[in-house]
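The values are calculated or read from the model by the stated rules, or taken from the named source; none is laboratory data. This is a predicted model, so every value here is computed, not measured. Reconstructed Cβ throughout: ideal geometry from the backbone, glycine too, with neighbour counts over all protein chains shown.
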Amino acid sequence: MIIIGEKINGTRKRVAQAIADRDEAFVRELALRQFQAGASRLDVNAGTLPAQEPGDIVWLIEQTHAAAPEAIVCLDSANPEALSAGLAKVSEYNPTKIMINSLSGEKKRIEGVLPLAAKHATELVVLALDDSGIPPEVAGRMDIIRQLVGLCQESGLPDESLYIDPLVMTISTNIRSGLITLDTIKAVREEFPGCHVTCGHSNISFGMPLRSVINQNFMALTIYAGLDSAITDPENRDLRAAIMATEALLGQDRHCLRFNKAFRAKLIGPQA
């Protein structure tokens with residue numbers, strides 16, 4: 001499972017304060033903890049006003065790289081200027097491994113994000129939405145995914161660099177949301193086997209009690225359907241255990257080595 005750490009996000013109150021105060025220690029610790037917990041990619045989202053976002057995202061990248069230089073930075077912005085500034089900074093450190101979150105079927109995103117991803121040969125999160133919103137059913141989402149994968153291929157981006165996000169909606173407003181996500185994952189796996197599939201799985205439980213229980217069970221179902229990446233909190237021990245147990249049960253963890261190693265290292269299981 002490829003984990004994209006979600007915590008360096010300016011929409012979170014404490015991160016927003018760290019950005020405003022230029023609190024290097026806080027951001028560096030946040031980056032290091034996520035990387036040590038198993039996130040190979042770290043999402044970096046300034047979430048600030050467009051005029052200041054380029055400078056803020058560059059600062060966040062500097063702190064992230066200082067703390068976890070081996071992590072792949074995932075630039076999270078819809079602002080082409082912020083993405084350009086971020087790409088320039090990341091390229092100073094590791095020009096061959098960069099990720100962008102995200103491309104959608106919205107005209108502005110296609111025009112602003114895709115050329116940058118193609119120019120820098122980045123990994124790219126691809127969202128199943130367009131200017132009309134998120135289609136309610138699998139067929140509509142696949143139409144958008146099919147269009148975007150085609151555009152990425154025409155731009156020179158290989159399928160293995162694409163991370164398709166079917167966009168998880170909450171079951172509290174539509175009880176079929178989980179099934180729609182699972183069926184979309186299966187359809188992506190069948191039609192685009194070379195692509196990765198990712199999602200923000202915790203959206204499934206928004207507005208529900210016992211969210212952690214719902215999230216863990218949904219994660220197991222999505223892995224079985226074909227999910228191989230998640231935008232999540234890598235420090236969530238119970239969720240990490242659910243991921244590793246599911247992979248072992250599905251025969252994806254040879255001799256259960258990863259599961260047992262994580263248990264011995266006290267990364268999963270009861271804490272003293």
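Among the candidates Arg176, Arg254, Arg240, Arg258, the residue that is of a type in the set (Lys, Arg) and within 24 Å of Cys74 (Cα to Cα) is uniquely Arg240.
Could we say that Glu106 is touching a strand residue (DSSP E or B) at 6+ places or on another chain (Cβ under 9 Å) and acidic (Asp, Glu) here? Yes: the conditions hold for Glu106. Of all residues in the stretch 1-30, exactly one satisfies the criterion of being within 15 Å of the chain's Cα centre (by Cα) and of a type in the set (Gly, Ala, Ser), namely Gly5. Answer with yes or no whether Arg33 is in contact with a Phe, Trp or Tyr (Cβ under 8 Å, 6 or more places away or on another chain) and surrounded by fewer than 18 Cβ atoms within 10 Å (Cβ to Cβ). So Arg33 fails the test.
If you go through the stretch 235-265 and keep only what is of a type in the set (D, E, K, R), touching a helix residue (DSSP H, G or I) at 6+ places or on another chain (Cβ under 9 Å), without any contact (Cβ under 8 Å) to a residue 60 or more places away in the chain and under 21 Å from Arg33 (Cβ atoms), you end up with Asp238, Arg258.
Of the candidates Thr198, Thr232, the single residue that is under 19 Å from Leu182 (Cα atoms), out of contact with any helix residue (DSSP H, G or I) (no Cβ under 9 Å at 6 or more places or on another chain) and surrounded by 21 or more Cβ atoms within 10 Å (Cβ to Cβ) is Thr198.
Return a yes/no flag: does the stretch 80-98 have any residue that is modelled with pLDDT of 95 or more and closer than 16 Å to His196 by Cα. Checked against the condition, which is being modelled with pLDDT of 95 or more and closer than 16 Å to His196 by Cα, the stretch 80-98 yields at least one hit.
Quick grid of which residues meet (1) among the aromatic types (Phe, Trp, Tyr); (2) closer than 24 Å to Leu103 by Cα; (3) out of contact with any strand residue (DSSP E or B) (no Cβ under 6 Å at 6 or more places or on another chain):
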site: Gln36; (1), (2), (3): no, no, yes
site: Asp43; (1), (2), (3): no, yes, no
site: Ala67; (1), (2), (3): no, no, yes
site: Ile72; (1), (2), (3): no, yes, no
site: Ala78; (1), (2), (3): no, yes, yes
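Here is a check on your reading of the model: is Val213 in the same structural domain as Thr122 (by TED's automatic domain parsing) and part of a loop (DSSP other than H, G, I, E, B)? No; evaluated as a whole, the condition is false for this residue. For a quick check of your reading of the model, give me the residue pairs whose first member lies in the stretch 38-61 and is of a type in the set (Phe, Trp, Tyr), whose second is surrounded by fewer than 18 Cβ atoms within 10 Å (Cβ to Cβ) and assigned to a helix (DSSP H, G or I), with beta-carbon atoms closer than 9 Å and at least 6 apart or on different chains. Listed by first residue and then by second, the contacts come to Trp59/Glu24. Take the conditions (1) of a type outside the set (Phe, Trp, Tyr); (2) over 19 Å from the mean Cα position of the chain (by Cα); (3) at positive phi; Gly226 misses just one of them, which is (2).
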